[in-house]
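Take a look at the structure below.
The values are calculated or read from the model by the stated rules, or taken from the named source; none is laboratory data. Computed from a predicted structure; not experimentally measured. Every residue, glycine among them, receives a Cβ derived from its backbone with ideal geometry; neighbour counts consider all protein chains shown.
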Amino acid sequence: MQKKGKFIWAKVLQEAYQHGEEEETLAPHVLVNAQGKPIGRLQDGDYIIFYNLRGEREVEICQSLLDKNFPHFRTERLNLNLVTMIPYHPSLPAKVAFPRPDEIRSTLSETLSKYGLRQLKISESEKAIHVGYFFNGKILPPFPGEERIVIPTPKDVPYLDQKPEMNAAGVAQATIDKLAAGQFDFILANFANIDVIGHFENEKAIKKAIETVDYFLGQCLRAAKEAKVITLITADHGTVEKWLFPDGSIDTGHTDSPVPFILVDYDEKRKSLWTLRKGGELADVAPTVLELFQIPQPEIMTGRSLLEKPSPLKTKERVLLVILDGWGYRKEVAGNLIAQTRTTVMDTLMANYPLSILKASGEAVGLPEGTVGNSEAGHMHIGAGRRILSDRLLIDQAIANGSFGENEAFLWAMRGAKRENKNLHLLGIVSFFSSHGAVNHLLSLLKLAKRESLKKVYLHALLGRRGEHKQSGAQYLELIEREMGTLGLGQIVSVIGRYWALDREENWDRVEKAYRLLVYGEGKPVLLNEVGKFGEDHFYLGDEQADF
């Protein structure tokens, strides 16, 4: 079996760290044999299980693999058999292991549409999927009377921490213009900066992002006052208000912090009439909006309005909802980049206007207890007005009750690969904390492949340090290698940063890099010396690297 201290990919990652590489943008690495030939490439007729969750970042790489007329770069005509963990997109010809048990209906957007109100969603392209698809209950098309404005996120820098202001100015200007125009009853505006830049280990850029959001929030509030529009301000989850782990190292992921909820009335005379109850959660936002519009709350919407007293509004009003993506609430200043940054607008609002603090993580947003929040769950719960069990929690329950091992889609792929003598490829994030997937799902798939007596099982690992300790990717890959050694099954044959594989804004140059790794084996070669037969023993890093 595998020799102690000879874990292939753990050592590869350690060497990459020494050369300044990080998980998120890790260059493609590929396993090669003694002749320099890549091992475990996707071949005609192979089966793939893409075990990632969420789906919005997984669509583009799937399209490149499956679409016979893919237009964005040259691809091979491979007849691949794909299983996705959850539905990624209705156009993908894939079997789905965990289809949604029911549609998320009677959301805020659908209810506003039902009552004839016009609504508008404004965001940068980086968050368009969240204010549309997720906010609307994972329903793609807009409802009648709903429009969307997508402001392009800048692409003139390789990494967005080099432009922390992103296109907040564009979001603000569109919001200001539409407030003045007066044709929409409800406007949702999302400022993405804090969440996006918060995933970089760049304190200066993060503080610039915070200042940018605070400034443009102020601009929108002035426009709302002039247009006589009531404004609600909240966030979908926390990030940089808890920027340090307890040991002092930097945490670039989401947090379990609550988020602020503020009500701003343009009519100062009414300000004392508004009071907000304490102890709310994100699912309470939609019922609050409906109460402002004096629209009955759907029975299925089990959240509770945050208004402690009946609304003092006597006539129909318009409402602006501003989502400060990633703006968590935490009183402590240590490790709190929001508290350490000048935020004149938010400080004034929190001190002088009705404020409630909302739960935005764990069970309050349908996630396992103690789990940090994320943009998908946050927007979905703001829009749904009720708790929605996450895909991750449903899959964890399937593992616990044993139904995971009888999943029809998994068995179709594994038994098909065995019957046809094809390869089984497992593709996905390798992480304990990512909202895109969980390592226990991967481990469960490996155990199922062992039970089904498969021989050729290849893992294509995606890495991304969000919510992880620095250089944790090596530990996770070692964990997988250990489990493969215990099972006597499987190889990690490629590793790449999620930055390249999980795009959602048609950065096709990034997607192509991931595609060429999977199909052609293009990447930094990792030369291995064979210890034993495939499926019985594993491989260790050779004494020499291939010279390419």
Expected single match for aliphatic (A, V, I, L, M), over 29 Å from Tyr133 (Cβ atoms) and not assigned by TED's automatic domain parsing to the domain that holds Gly362 among Ala461, Ala438, Ala474, Ala409 is Ala474
By residue number, the members of segment 86-123 that are of a type outside the set (Val, Ile, Thr), out of contact with any Phe, Trp or Tyr (no Cβ under 8 Å at 6 or more places or on another chain) and in a strand (DSSP E or B) are Ser123
Heads up, the helices (runs of 4 or more DSSP H) in segment 317-403 (entirely inside) with at least 2 residues that are free of Cβ contacts under 8 Å to residues at least 12 places away in the same chain are 344-352, 391-401
Practice prompt. Kindly establish whether Phe98 is out of contact with any Lys or Arg (no Cβ under 6 Å at 6 or more places or on another chain), surrounded by fewer than 23 Cβ atoms within 10 Å (Cβ to Cβ), in contact (Cβ under 8 Å) with a residue 40 or more places away in the chain and more than 29 Å from Gln183 (Cβ to Cβ).
Written response: yes
Inside segment 132-151, the number of residues satisfying the requirement of being loosely packed, with under 14 Cβ neighbours inside 10 Å and under 19 Å from the mean Cα position of the chain (by Cα) is 1
Only one of Leu31, Leu78 is under 30 Å from His199 (Cα atoms) and either assigned by TED's automatic domain parsing to the domain that holds Leu527 or in a loop (DSSP other than H, G, I, E, B) (or both), namely Leu31
Of the candidates Arg222, Arg277, the one satisfying the condition of being basic (Lys, Arg), at pLDDT 95 or above and under 24 Å from Lys127 (Cβ atoms) is Arg222
Screening Phe216, Phe184 for residues that are more than 21 Å from the chain's Cα centre (by Cα), in a helix (DSSP H, G or I) and either crowded, with 18+ Cβ neighbours inside 10 Å or not assigned by TED's automatic domain parsing to the domain that holds Leu306 (or both) leaves only Phe216
Only one of (1) in contact with a His (Cβ under 8 Å, 6 or more places away or on another chain); (2) surrounded by fewer than 21 Cβ atoms within 10 Å (Cβ to Cβ) does not apply to Val259, and that is (2)
Residues of segment 45-95 being in contact (Cβ under 8 Å) with a residue 40 or more places away in the chain, aliphatic (A, V, I, L, M) and closer than 26 Å to Gly378 by Cα, in sequence order, are Leu53, Val59, Ile61, Met85, Ile86
**Flag if Lys418 is assigned to a loop (DSSP other than H, G, I, E, B) and at pLDDT 95 or above** = no
Matching residues in segment 171-196 (out of contact with any Ser or Thr (no Cβ under 9 Å at 6 or more places or on another chain) and either of a type in the set (S, T, N, Q) or in contact (Cβ under 8 Å) with a residue 40 or more places away in the chain (or both)) number 12
